[in-house]
Amino acid sequence: MVKLAAIDLGTVSSRLLCATMRDGAIVESRKHTVITDLGEGVDARGVFSAAAIERVMDACREFVDETRSYGASRVCTTLTSAARDVSNGDALLEQLGDLGLEPQVIPGEVEARLTFYGVAHDFPGERIAVADSGGGSTEIVVGTYAPSSEGDAFALECARSLDIGCRRVTERFFSALPPRGEELDAAVAWMRPQFDAYWRALDERPDRLIAVGGTVTSLVAMVHELTVYDSRFVHLRDLTISQVENAIAKMRAMGIEEIAALPGIQAKRAPVILAGAVVMRELMRSGGYDRLTVSENSLLAGSAATMCEAMAGEAPVIGWTPTLSAL
């Protein structure tokens, strides 16, 4: 039994997972998500704003306190799309170091592998496609995870990170909310060929598409009008393309305050959820999927499993070794 913590600082959300692990599997966990909008303005300016850095640091101070209270022996801290796009990333990394963290800006393919590893434990032996659509990028990976007493088998066929995310689409294409029809059309025309190229590169499309991230979990909450978010209800819930299209049709005529008032939508996610829904619809359309399965597991669960492997002196299954800190 070992207690670990994984922190992921994304384009829209900063997230913490505190987990108790046994033999590489999570047996108990706590999650904390704060919408910090680290990627605000990054697509246009290529730098973190001082306000965005401070929002993330405020969240991380809370995360450090929670990690210590939980008794985690090691912490892994990762940064993804927004941090890959900026020229002033050191301004944030240095402050994170002052908290005792050892942050790593991970490549998109590593992000995809970690997410797949976190999700695939629920689908042992099944060839699946896993998509993680965030604020700045969408990671897609196809593969199979087959655990056995002789050692886990982990086979990936196509791991890609595309610079398509809800924050990037909103800032690049929408002048305001609700967006004009031609702005939505332009966003679709930009993202669709990139998704088409991904699916064409596969010899055979998997039957099952799994999606993670705040967009799809929020869409489930919206579709089912969850006034109080219930992760147990959302986890492994199917989301059909018609449900996604209906959500888009409802939101595309609304302003931010109207979207924020919808059941299941966090107020801070309201400015980007429409773009996120359009991204997911185009991903599904391009791949020929009429439904997907939503997973509450993600990069954080993959990080925790990879941390266990590294601490045991094993070669991590995904081929990436995390840098760990002790608080």
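Each value in this text was obtained by applying a stated rule to the coordinates, not by laboratory testing. A quick note: this is a predicted structure, and the numbers were derived from the prediction, not measured. Cβ sites come from the backbone with ideal geometry, for glycine too, and all protein chains shown count toward neighbours.
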Let me check against my output: what whole-number percent is the relative contact order of the range 122-294, with C-alpha pairs under 8 Å and at least 6 apart?
27 percent
Per DSSP, the loop-located GluC sites (Glu not before Pro) within the range 221-327 having at most 13 other beta carbons within 10 Å are Glu225, Glu314
Eigenvalues of the Cα gyration tensor times 5, then square-rooted: what semi-axes does that give for the range 1-155, in whole angstrom, largest first?
28, 21, 11
With the dipole of the range 122-294 worked out from charges on the C-beta (+1 for Lys and Arg, -1 for Asp and Glu) around the Cα centre, which of Gly214, Pro179, Ser231 lies farthest toward the positive end?
Pro179
Can you tell me, using C-alpha contacts under 8 Å and at least 6 residues apart, the relative contact order of the chain as a whole percent?
21 percent
The chain: antiparallel DSSP beta bridges as a percent of all, rounded to 5:
70 percent
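Work through the residues other than Leu17 whose Cβ is under 10 Å from its Cβ and net out their charges, Lys, Arg +1 and Asp, Glu -1.
Net charge in that neighbourhood comes out at +2.
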For a quick check of your reading of the filter: which trypsin sites (Lys or Arg not before Pro) in the range 97-206 sit in a DSSP loop and have no more than 13 other Cβ atoms within 10 Å?
Arg180
If I build a Gaussian network model for the chain, linking alpha-carbon pairs within less than 10 angstrom, which residue out of Ser81, Ser175, Ser73 has the largest mean-square fluctuation?
Ser175
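Please compute, over every Cα-Cα pair in the range 122-294, the percentage with a separation greater than 24 angstrom. Working shown, then result.
On the way: 5261 of 14878 pairs.
Counting pairs separated by more than 24 Å, the tail of P(r) holds 35 percent.
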Proximal lysines relative to Lys250, as straight alpha-carbon distance under 21 Å, when same-chain residues fewer than 8 apart are discounted
Lys268
Hey, rough spin-label estimate for Asp185 and Asp230, points 7 angstrom out along Cα→Cβ, what's it come to in nanometres?
4.2 nm
Give me the percent of DSSP beta bridges within the range 122-294 that run antiparallel, rounded to the nearest 5.
75 percent
Give me the extension gain from Arg61 to Ala176: residue separation times 0.36 nm, minus the current Cα-Cα distance, reported in nm with one decimal.
38.1 nm
Which value in nm describes the separation of the simple spin-label points at Arg252 and Arg200, placed 7 Å from the Cα toward the beta carbon?
2.5 nm
Please list, ordered by chain and number, the residues whose modelled amide H lies under 5 Å from the amide H of Gln104; skip anything fewer than 5 residues away on the same chain.
Thr77, Thr78, Leu79
With the cut-off at 30 Å, report for the chain the share of all Cα pairs above it, as a whole percent.
30 percent
